[in-house]
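Please treat every number below as a calculation from the coordinates, not as lab data. Note that this is a predicted model, so its numbers are computed, not measured. Glycine also receives a Cβ, built like all others from the backbone with ideal geometry; neighbour counts cover every protein chain displayed.
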Amino acid sequence: TRPERIVEDLRSAFRAAMTGRRGPVFVEIPRDVLNNQTVKAAELTPDRYRATHPLLPHPDAIREAARLVNRAERPLLLVGGGVNWAEANELLVRLADQAALPMITAYGRNDVVPGSHPLYIGPLGRAGSPEAAAACRRADVLLVIGSRLGQFTAHFDDRYIKPETRIVQIDVHGRDIGRYYPVALGIEADAREACRALLDTLGKDDLSEARRAWRREAETFRAQRQARLAAEAKLATLPLKPQRVYAELRRVLPPDTIVTLDAGAAPAYGYDRLAFAHPRTFLTPLDLGGLGFAFPEALGAKLGRPDAPVLAIHGDGGFLMNSQELETAVRHHVNVVTLVMNNNCWGSEKAYQKHFYGERYIGCDIGNPRYDHFARLFGAEGYYAEHPDQVADAMRAAFACGKPAIVEVPIDPDEFPIPVTAVRPTGPGTAAAAPRGVTR
């Protein structure tokens, strides 16, 4: 509220944004404070007002983590976004290779490890891979690096993480260690430094018979997922199933493509069906689930990395939340491609009404323009693909056209992901919705 506080508050904002668990910070400055003001302040480099070196793990904690992992019969790596923030991706893969640790990723963090890695099973969580979920249920020690084990990753119950599973949780912010699941060991540390320390401490790939059997089981989980995705590439019904659309995307997208995934039913299929080769190429609304996220996020990604192809994936309802920003993209030559999978409905709402209300649909069907025509009205380019063999050609043309572009694909209006609560375990012995170890 005073001009002389502006610099101090901005430094506080950058300190909060760039220290520990990084993220956006909102700073409000009233107009009357900005008007006709001259603020004098010393220029300070970041190291003068915030910590700039990573948080190191305690050596005793690393030794205990190594002991727990080495003694486990079925250890599993669960990797979160903290690995991307710390730029620890290569170290993490080396750690998995050295200790023969199968890997799964937290919700929306599929780009943390290469999808082609033989130890990678798949993504855990809401709309994730059932094979990753099965592996998580089998693990006796879960080595969690850079994840809070939040709602959309673990659902705060025991459907994935069993009460008997021992958790080693490594996170840059101590507030979130053991917050949702009791841990056998918590380590507050930067993911890169923790991986480096574990590489120096964990044993080499000299496996017991139990660990070799676990390696084979993990390979089976991975093979089952790959077979399931391959089978979806043969779906030929019209309108197209969204699963088939994602199979075509896996075939055509360049490996350096940045994908922004919206909330909603059609985008939800992407969490288990998109393949990533490089870190920082998958952007999602995470647990917030905000509709309309993907297109404006794609504009920002393209501005930040103009040489990379950028694809926003939307359903029809979500795209209409921010479709007017197509004019912004055209005016500033921000050449992103938007895929609109059109089922003429609010798919997530319709899925709940289908599963819980006997298919009594209320207020979930909507109308749409032809989005290829819509794009051209703004001066962008538009494409329409309704057959499987048209999707890849349309995507290639859209990326090559030199303009912002929309590719519309009509999809099956009756194909929805099963709502999470519809598959929640019930009956004796299952956990309540509260975090494990917490009494409601």
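Numbers for the structure displayed
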| read-out | value |
| --- | --- |
| R0 of 60 Å, Cβ-Cβ distance Tyr384-Asp32: FRET efficiency to nearest 0.05 | 0.70 |
| Length-normalised contact order for the chain - Cα pairs under 8 Å, 6+ apart - percent | 15 percent |
| Förster-model FRET efficiency, 35 Å R0, Ala210 and Val420, C-beta, rounded to 0.05 | 0.60 |
| Global size of the chain as Cα Rg and Dmax, reported in angstrom | 23.3, 75 |
| Loop-located chymotrypsin sites (Phe, Trp or Tyr not before Pro) in region 320-427, at most 10 other Cβ atoms within 10 Å (DSSP) | Tyr357 |
| Globularity ratio of region 139-191, using Cα Rg and 2.2 N^0.38 Å | 1.02 |
| Most mobile of Leu288, Leu91, Leu274 in a GNM of the chain (Cα contacts under 10 Å) | Leu288 |
| Under 28 Å from the Cα of Lys354 - lysines, other chains or at least 8 residues apart | Lys234, Lys241 |
| Separation of alpha-carbon centers, region 100-144 and region 361-376, rounded to whole Å | 36 Å |
| Contact order relative to length of region 15-117, as percent, for alpha carbon pairs under 8 angstrom and 6 or more apart | 22 percent |
| Calculated [θ] (222 nm, deg cm²/dmol) that DSSP helices of n ≥ 4 give over the chain, each run adding -39,500 (n - 2.57) | -10500 deg cm²/dmol |
| Ranking of Ser116, Ser323, Ser12 by count of other Cβ atoms within 10 Å, fewest first | Ser116, Ser12, Ser323 |
| Prolate/oblate/rounded label for region 1-150 (Cα gyration tensor, a/c 1.5) | prolate |
| For region 26-54 and region 215-250, distance of Cα centres in Å | 50 Å |
| Where GluC sites (Glu not before Pro) in DSSP loops with at most 10 other Cβ within 10 Å are excluded, longest remaining stretch of the chain | 165-358 |
| Shape category assigned to region 3-48 from the gyration tensor of Cα positions, a/c cut at 1.5 | oblate |
